[in-house]
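The values are calculated or read from the model by the stated rules, or taken from the named source; none is laboratory data. The model shown is predicted, which means the values in this text are computed figures rather than measured ones. Please note: Cβ atoms are built from the backbone with ideal geometry, for glycine as well, and neighbour counts cover all protein chains shown. Heads up: the accessible areas ignore ligands, DNA and RNA and are worked out on the full protein's heavy atoms, side chains in. Shrake-Rupley method; radii C 1.70, N 1.55, O 1.52, S 1.80 Å.
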Amino acid sequence: MAKVLEVKVQYNSWHTVRVEVNRDTAVLSLFIDDQSIGTYTPPDPEAFKQTQVNFYLQVWSDGGLATG
């Protein structure tokens, strides 16, 4: 499981989401608006290099979970 930080962003505005993968270690780094929000270190980097990965973004607001 990835360790991800909670980041507060301005409502009703566009934000950039970026995922970087280190080709040597297979560590994933996650960013929102160039701010690091977490990393994932796979238990077996060599096996992970052969894996397909799906990402899901969840956004919370005062009214609850907004999906997209």
- Item | Subset of region 27-44 [of a type outside the set (Asp, Glu) and either under 10 Å from the mean Cα position of the chain (by Cα) or surrounded by 14 or more Cβ atoms within 10 Å (Cβ to Cβ) (or both)] | VAL27, LEU28, SER29, LEU30, PHE31, ILE32, SER36, ILE37, GLY38, THR39, TYR40, PRO42
- Can you tell me which of ARG23, ARG18 is at pLDDT 85 or above, open to solvent by 70 Å² or more (accessible area, probe 1.4 Å) and in a strand (DSSP E or B)? ARG18
